[in-house]
Amino acid sequence: MKTKKFRSVQDTIIVGHRNRSMPTTRKQAMSELASLEYMKASLERELSIWVANQKKTEKRLQQLYERATLLQEVLDGLPSQYQPRRCSSSGEQVEKNDENDASKFQVVSLEY
């Protein structure tokens, strides 16, 4: 026979109440009813916490999706910086590119 694993104290209490016979005295009935009410309140608190956490998680996921969509739109609108270079057989274009690169720098004089 396979044994059932319990996840929490509430699982063991519920199983315990289910397998018991009906109480014979008023005192036993009131005691069991009180324990069931306590368990009910505990489970309702746990459920409300889970629902609140679920709402927070859904909100965070929505923000994440919005941010990802925004970033994707920005990326789609920007030209790629890494365009393939065009190779040519003449060395003149390479020299012109070197001159253009050199003209981008600013000359600074240093005096000691």
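Of the residues in segment 69-112, how many are among the hydrophobic types (A, V, I, L, M, F, W, C), surrounded by 10 or more Cβ atoms within 10 Å (Cβ to Cβ) and at pLDDT 60 or above?
Of all residues in segment 69-112, those among the hydrophobic types (A, V, I, L, M, F, W, C) come to 70-71, 74-75, 78, 87, 94, 102, 105, 107-108, 110.
Checking which are surrounded by 10 or more Cβ atoms within 10 Å (Cβ to Cβ) leaves us with 70-71, 94.
In the following step, the residues that additionally are at pLDDT 60 or above were identified as 70-71.
Qualifying residue count, segment 69-112: 2.
Looking at segment 16-57 only, could you name the residues that are among the charged types (D, E, K, R) and assigned to a helix (DSSP H, G or I)?
ARG18, ARG26, LYS27, GLU32, GLU37, LYS40, GLU44, ARG45, GLU46, LYS55, LYS56
The values are calculated or read from the model by the stated rules, or taken from the named source; none is laboratory data. As the structure is a prediction and not an experimental result, all values here were calculated from the model. Counting neighbours? That spans all protein chains shown, and the Cβs are built from the backbone with ideal geometry, glycine included.
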